[in-house]
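Q: The structure is given below, and queries will be raised subsequently.
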Amino acid sequence: MTRVAVVGGGVSGATAAYRLRQSLGGAAELVVFESSASLGGKLRTVELAGTRYDVGVEAFLARRPEAVALIEEIGLDGELAHPTGAKSTVRAGGQKVAMPGGTMMGIPGSADAVAGVLSEEGRRRVAAEPELPPVHVNGDVALGELLRARFGDELVDRLVDPLLGGVYAGGADGLGLRATVPALASAIDAGAPSLTAAAASLLPSAPSTKPVFGTLTGGMSTLIDRLIELAKPEIRLNTLVRGLSRTAEGWRLELTEGIDDVDAVILAVPAPAARRLLEQAAPVASAALGQVELASMAVVGLALPPGTELPAASGVLIGAGERYPDGKPLAAKAFTFSSRKWAHLDDPVLLRGSVGRFGEPGALRADDEELVRLVRADLAELTGVTAEPIDVHVQRWGGGLPQYGVGHGELVERAESAVAAVPGLAIAGAALHGVGVPACIATATEAASRITSELRRH
């Protein structure tokens, strides 16, 4: 009887288990090992004032097909929801302004697109960028280095960094061009004479009517629950896989208590855990994944009394340099006004504050009570909302987000090539080809397909 282990119970692991069950049938033994007390990874839904509320991933990119297709395939399309028409804002230069259109991850297709966010001097720097010598990129480069050289600091600090912080909890200076905005890199490689021209070439000629983001009305963990229900694996919670080694018949997993022998293994774990488990089986892959750094963050969920008025926006992104009038830095990097953003979260009034940037623990050093106080103070400063919460949830994500640094694509290629040379082994997850849910689903589907093909051959 075929026995396959999936190490990691997040969306990548749950998807891999589901795809394995589809391909291998009911006779196969599938085991999901999860080191924590619950499945889901960064997809975590809690009860906040009696409402199911996401305190990890709260949405996915709907314009990329994998998540929507999987949700429809497993019968959750009745729970699929898209944001309301509320627009996002950004705190830039001490002012809260509407998030501009006409940009790609904050990189403008014209100076006019970002005029409302920048000072007059900043706007002039953006307007002058097409007149600079043609842009060339050999290999990979830090996104911040490239943007600052072409546009100046203000665009990066006021717009690009807040947007990247919402995705990676990191800034442009530590993220690589090719892994972070690959379409922009491709436009440069194709001969775009400037970054402005490259961004303009990627913007749609007409506004799209297709929603950008999606979520599930029962919470994102509903996706995990349904995948596991269909995959029917054995679940081993609170079980750390301490080691991984080849045997004559397959693989041996060294567990917190005991061992487990299987025919094949999919590792759907963060980069540090993958590095540790691949040390013997695929040392080149282990070394490559060991170079992927991670950022920590926290989400503070607040339920406010019914009737509390939130700003008429879906949320606000906050630049790292934004401060109070007395010069003290703001603790949060973003707020999501969930009851404005999602129509199904209208009672009680729900919102979340995000804290933590790569390399800057800042307010994350505070205990939960102090963290809530800091987030509420920021909320009052930005919006004037001072209502006493009726419920609070603090969710910390230590090492939660991989950083796609310069050369990240080469690291991933090295790791995947090394793992592909080892029979019965595959990897998946956010450290590879994208941190969002659709990208994780794609890597998990590919990993399951590879394992299934090998098992069928043997």
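FYI, it's all coordinate maths here, none of it is from the lab. Just so you know, these numbers come straight off a predicted model, no measurement behind them. Don't worry about glycine lacking a Cβ; one is built from the backbone with ideal geometry, like all the others, and counts go over all protein chains shown.
Q: Residue by residue through segment 299-309, what is 3J(HN,Hα) from phi via Karplus (6.51 cos²θ - 1.76 cosθ + 1.60, θ = phi - 60°)? Round to whole Hz and write x for glycine and proline.
A: For segment 299-309, the Karplus curve yields 10, 10, x, 10, 9, 9, x, x, x, 4, 8 Hz.
Q: Which pairs, out of K42/K87; K42/K333; K42/K232; K232/K341, put more than 29 Å between their alpha-carbon atoms? Numbers along the way, then the final one.
A: Details: K42/K87 25 Å; K42/K333 18 Å; K42/K232 21 Å; K232/K341 34 Å.
Violating the 29 Å limit, Cα to Cα: K232/K341.
Q: What does the net charge come to around K341 if you take all other residues with beta carbon closer than 12 Å to its beta carbon, with K and R at +1 and D and E at -1?
A: 0
Q: What is the antiparallel percent of DSSP beta bridges lying wholly in the chain, to the nearest 5?
A: Values: 49 of 68 bridges.
Close to 70 percent.
Q: Now, a different point. Can you compute the modelled spin-label distance between E388 and M105, with each label point 7 Å from Cα toward Cβ, in nm?
A: In this crude label model, E388 to M105 measures out at 4.5 nm.
Q: May I pose another question? Near S449, within a Cβ-to-Cβ distance under 12 Å, what is the net charge of the other residues, with Lys and Arg +1 and Asp and Glu -1?
A: The answer is +1.
Q: In addition: Once both labels are modelled 7 Å past Cα along the beta-carbon direction, what's the A343-E145 spacing in nm?
A: So the two model labels end up 4.8 nm from each other.
Q: Something else now. A248 to E229: extension gain in nm, 0.36 nm per residue of separation minus the Cα-Cα distance?
A: So the chain would gain 3.6 nm between A248 and E229.
Q: Translational diffusion coefficient of segment 283-358 at 20 °C, 1.002 mPa s, Stokes-Einstein with Kirkwood Rh over Cα pairs, in µm²/s as a whole number.
A: Diffusion coefficient, whole number: 145 µm²/s.
Q: Return T217, T256, T51 ranked ascending by Cβ neighbour count within 10 Å, so the fewest neighbours appear first.
A: The fewest-first ordering by Cβ neighbours comes to T256, T217, T51.
Q: While we're here: Could you compute Rg(Cα) / (2.2 N^0.38 Å) for segment 103-201, with N its residue count?
A: Numbers: Rg = 12.1 Å, N = 99, 2.2 N^0.38 = 12.6 Å.
Against the empirical 2.2 N^0.38 Å value, I get 0.96 for segment 103-201.
Q: Label points 7 Å out from Cα along the Cβ direction at L80 and V46: separation in nm?
A: Result: 3.0 nm between the two label points.
Q: Can you give the FRET efficiency for A115 and K210, using 1/(1 + (r/R0)^6), R0 = 41 Å, r = Cβ-Cβ distance, to the nearest 0.05?
A: According to the calculation, E is roughly 0.90.
Q: While we're looking at this one, here's another question. Under the 0.36 nm per residue contour assumption, what length would be gained going from the current alpha-carbon distance of K96 and K328 to full extension? Present the calculation step by step, with values, prior to reporting the outcome.
A: Working: separation 232, 0.36 × 232 = 83.52 nm, distance 1.72 nm.
Stretched out fully, the K96 to K328 stretch lengthens by 81.8 nm.
Q: Moving on to the next point. Please give the contour-minus-distance gain from R365 to A312: 0.36 nm per residue of separation, less the Cα-Cα distance, rounded to one decimal in nm.
A: Full extension of this stretch gives 15.9 nm more.
Q: Let me ask something else. Among A62, V114, L202, whose Cα projects farthest towards the positive end of the dipole of the chain, with charges put on the beta-carbon of Lys, Arg (+1) and Asp, Glu (-1)?
A: L202
Q: What FRET efficiency do you get for A37 and H458 if R0 is 41 Å and r is their Cβ-Cβ distance, rounded to the nearest 0.05?
A: Calculated value: 0.70.
Q: Let me ask something else about it. Over all distinct Cα pairs, what is the inverse of the mean 1/r for the chain, reported as the Kirkwood hydrodynamic radius in Å?
A: 23.1 Å
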